[in-house]
Amino acid sequence: MTLFLFLGVLLVSILLGLPVAFALLLSAMALMLQMDMFSADILAQSLINGVDSFPLLAIPFFLVAGEVMSAGGLSKRIVRLAISLVGHRKGGLGYVAIFTSVLLAGLSGSAVADAAALVSILYPMMKKGGYPEGHSMGLLAAGGIIAPVIPPSLALILMGVAGNISIAKLFIGGIVPGLLMGVGLIVVWSWLVKGEDLEVHPKAPMSERMAALKDGFWALLLPVIIIGGIRFGVFTPTEAAVVAAVYAIFVSTVIYRELSFQKLVRTLIVSARSTAMVMFLVGCAMVAAWLITVAQLPQQLAEMLGGLVDSPKLLMAVIMLIVLMVGMVMDLSPTILILVPLFMPVVKLAGIDPVYFGLMFVINCSIGLITPPVGTVLNVVCGVGRVPMSVAVKGVLPFICVYIFLLALFVVFPDIIIAPMQFLIG
């Protein structure tokens, strides 16, 4: 009964148009009233305690790093490097988009930012080259959602906090599935452009490739510093966020010299606003998570899914199906913050690796970013590229299919994620 009360208030609040953060607060208040323990003091204290977390400090710094990279010319140089390497192939700009998506994912960790950058730079070139409008927009949107999976990723940080999972292990474990998502896009794109008559760019000479590599070297060095530093214990993921922000500002102002003081101030303001929204949502979600524990909702869910605990793969399949449906109507961050505290006790009871579960959950939620009716990233690319949503939805369907296929593959063969992760962690 308590579980349905919580979910009912949450869903009705969202359907009425309330922001998710306030919907979570209302759900928490409903639980407190139902348990006859309502207290405004406890509510306020839990809200503050929810954001009083050292790992969450990584969020503002990674947001600053991502904004600075875009304004400081790092993203532009990554695109130039990709064009020089693979732009001469048939459908070359599509391969450039995929290559750039993977590289940008290792820089910013934001699906929306990466997708917007890809569309603003590459879509005009693809349109001019005669590329199919729908498939182009679908690819650019699908490429953008690799960002939450490959570190540094804000989604993985939220997953670590919500599920009490090692963020360092999530970062290391996200590398292989993120790269496999890129491979899946390559397979689908090569099939889509096989019969198309597209403009083919001349192959860049070695001198041009070396010049692009030299120009983009400082941008490419950032993910190496972050992953290498975490892997070898030089700094924690939170400290890595500070390093990323300082490094991005240094490269943008001193080496590339494209980030003026005025631009820097604007990027800091944008980052502060984004941080405020994310942290308030996290605080509200932590209040709900605490009350979920007090009300013993995970135990109720465990009883409902009790018959599946002895079959971890079947349990994972059911959970992934639920998350996929929720992700179609809810954004990535609230889905993580709401559902992970509910599912994590059941997952542990079934003996499923929490890091593997966390990565699967984030991959699944990322797919929701390009699925209608909400599809945050899909809406962003349509807005930036000024393309009707109906066109983008048709174009993105093949890429959604390959992502769901990969998700199913990871459910059936979890070692695809777990084995490389254990090897890299050592």
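The values are calculated or read from the model by the stated rules, or taken from the named source; none is laboratory data. Keep in mind that this is a model prediction, so the values were computed, not measured. Virtual Cβ from ideal backbone geometry, glycine too; neighbours counted across all protein chains shown.
Results, tabulated for the structure shown:
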read-out: Which listed residue, of Ser13, Ser27, is modelled with pLDDT of 80 or more, buried (at least 19 other Cβ atoms within 10 Å of the Cβ) and closer than 13 Å to Ala288 by Cα; value: Ser27
read-out: Spans of helices (runs of 4 or more DSSP H) in region 340-426 with at least 1 residues of a type in the set (A, V, I, L, M) and modelled with pLDDT under 85; value: 376-385, 389-412, 415-425
read-out: Output for region 256-313, where each listed residue is at pLDDT 85 or above, surrounded by 15 or more Cβ atoms within 10 Å (Cβ to Cβ) and closer than 30 Å to Ile418 by Cβ; value: Pro312
read-out: Of the criteria (1) under 13 Å from Arg77 (Cβ atoms); (2) not in a helix (DSSP H, G or I), which one Phe235 fails; value: (1)
read-out: Condition met for Ile59 (farther than 27 Å from Pro205 by Cα and either in contact (Cβ under 8 Å) with a residue 60 or more places away in the chain or acidic (Asp, Glu) (or both)); value: yes
read-out: Those residues of region 382-403 which are over 30 Å from Ile230 (Cβ atoms) and hydrophobic (A, V, I, L, M, F, W, C), in sequence order; value: Cys382, Val384, Val387, Met389, Val391, Ala392, Val393, Val396, Leu397, Ile400, Cys401
read-out: Residues (loosely packed, with under 15 Cβ neighbours inside 10 Å and at pLDDT 85 or above) located in region 229-249; value: Val234, Val246
